[in-house]
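Working notes, structure below.
A short reminder: the numbers here are calculations on the coordinates, not readings from a lab. Bear in mind that the values here come from a model prediction, so they are computed numbers and not experimental data. With ideal geometry, Cβ positions are generated from the backbone for all residues, glycine too; neighbour counts draw on all protein chains shown.
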Amino acid sequence: MTPPDPDASLNQPQQPAFVPLRYTPVEPEECLARARRVYKQMDRRRSVRHFSDRPVPREVIEYLIRTAATAPSGAHKQPWTFAAVSDPNLKAEIRRAAEAEERKNYERRLTPEWLAALEPLGVDWYKLYLEVAPWLVVVFQQTTELLASGERRKNYYAPESVGIAVGLFLAALHQAGLAALTYTPSPMRFLSDILKRPPNEKPFLIIPVGYPAEDCRVPDLQRKPLEEVAVFLEG
């Protein structure tokens, strides 16, 4: 009889570890009630450009980022970094760099069609909110995974994964009673330089976070109705 090979187990593929799902069953009626409550609250969400300078505790931002980081991601690579900035000097530096690029955009880079699309929003290259909002959460996409050894490994579906995490972050902060804006200066490589991020991280967007100003006003816009955004294929 051939003796067992002591190294045989080393040649076998390692089985992934599984744990029981933490889940409490919910009856359909309660599901519907919860879905309605979430919709009614989220339907009040608006992008805000006029913030109060009222402080927001760091712990609040920490929990919002924790919530965002529960997002699903390609191969569970979690390819995101949330850089939370409250330092007034850094916020001022970000504003100066953003406005320099935005002024070029509005004066010569943006097409007439693009400018016309922005007109109902009442926006321009002046970005005061980058200093007034108590927090700027700058989201970076990790284009590759950077190991301690310096080796890089591919991240899968990184833009999609980061986008989902941002959506959870926005939903969480609205549930917490705060307001925000998604802002994508172009180009925005300056964010990597100012915040000293590693070369495997690419700026994704800036999210100013805080309380809306008491006199905050938002554009009078309408969301598309359900029948324009959904298709149901039922058996």
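Fully extending the segment from His76 to Asp124 would add 13.4 nm, taking 0.36 nm per residue of separation and subtracting the current Cα-Cα distance. Straight-line cross-link partners of Lys196 among the lysines, defined as a Cα under 27 Å from its Cα and at least 8 positions apart when in the same chain: Lys77, Lys91, Lys104, Lys127, Lys154.
The string of couplings for region 114-120 from the Karplus curve (6.51, -1.76, 1.60, θ = phi - 60°) is 5, 4, 5, 5, 7, 4, x Hz, one whole number per residue in order, with x for Gly and Pro. Full extension of the chain segment joining Ala116 with Glu30 gains 26.5 nm, where the gain is 0.36 nm per residue of separation less the Cα-Cα distance. With helices as the sole contributors, the chain gives -10000 deg cm²/dmol at 222 nm; each DSSP H run of n ≥ 4 counts as -39500 (n - 2.57), and the sum is divided by every residue. Roughly what angle does helix 58-68 make with the longest principal axis of the chain, taking Cα atoms, 0 to 90 degrees, to the nearest 10? Approximately 60 degrees, to the nearest 10. What is the distance in Å between the Cα centroid of region 169-235 and that of region 68-137? Answer, in whole Å: 9. Less than 5 angstrom separates the built amide H of Gln142 from those of Trp80, Thr81, Lys202, all sequence-distant by 5 or more or on a different chain. Backbone geometry of region 74-89 corresponds, through the Karplus equation with coefficients 6.51, -1.76 and 1.60 at θ = phi - 60°, to 3J(HN,Hα) couplings of x, 6, 6, 7, 6, x, 9, 9, 9, 9, 9, 10, 10, 4, x, 5 Hz, x marking Gly and Pro.
Indicate the gyration tensor shape class of region 37-102 (rounded, prolate or oblate), computed on the Cα atoms with a ≥ b ≥ c the square roots of the eigenvalues: a/c under 1.5 is rounded; otherwise a/b larger than b/c is prolate and the rest oblate. Please report the intermediate quantities before stating the final value.
On the way: a/c = 1.73, a/b = 1.26, b/c = 1.37.
Judged from the Cα gyration tensor, region 37-102 comes out oblate (a/c at least 1.5, b/c at or above a/b).
Comparing Phe190, Phe204, Phe169 in a Gaussian network model of the chain, where Cα atoms under 10 Å apart are tied by springs, the biggest mean-square fluctuation is seen for Phe190.
R0 = 41 Å: FRET efficiency of Gln12 with Glu62, Cβ-based, nearest 0.05? Calculated value: 0.50. Here's how it looks for Leu205: its modeled amide H is under 5 Å from those of Val139, which are all 5 or more places away or on a different chain.
I need the calculated FRET efficiency for the pair Arg46 and Thr143, taking r as the beta carbon distance and R₀ as 35 Å, to the nearest 0.05.
Numbers: r = 32 Å, r/R0 = 0.90.
FRET efficiency, Arg46 to Thr143: 0.65.
3J(HN,Hα) along region 226-235: 3, 5, 9, 10, 9, 10, 10, 10, 9, x Hz, from the Karplus curve 6.51 cos²θ - 1.76 cosθ + 1.60 with θ = phi - 60°, whole Hz, x for Gly and Pro.
In this rough spin-label picture, where each label sits 7 Å from Cα along the Cβ direction, the Lys196-Lys154 distance is 3.3 nm. At the listed q of 0.17, 0.20 Å⁻¹, the Debye profile of region 46-217, built from one uniform point per Cα, gives log10 I(q)/I(0) equal to -1.12, -1.41. Here the chain carries DSSP beta bridges of which approximately 95% are antiparallel, counting only pairs with both residues inside. Anisotropy class assigned to region 111-152 is oblate, per the alpha carbon gyration tensor with a/c at or over the 1.5 cut-off and a/b no larger than b/c. Would you mind classifying region 76-121 by shape? Square roots of the alpha carbon gyration tensor eigenvalues, ordered a ≥ b ≥ c; an a/c under 1.5 is rounded, otherwise it is prolate if a/b is larger than b/c and oblate if not. Here region 76-121 falls in the oblate category.
Each peptide in 108-115, 220-227 was scored by the mean count of other Cβ atoms within 10 Å over its residues; highest first, the order is 108-115, 220-227. Taking amide H atoms as placed 1.01 Å from N in the peptide plane, the amide H of His50 lies under 5 Å from those of Ala213, each 5 or more residues away in sequence or on another chain.
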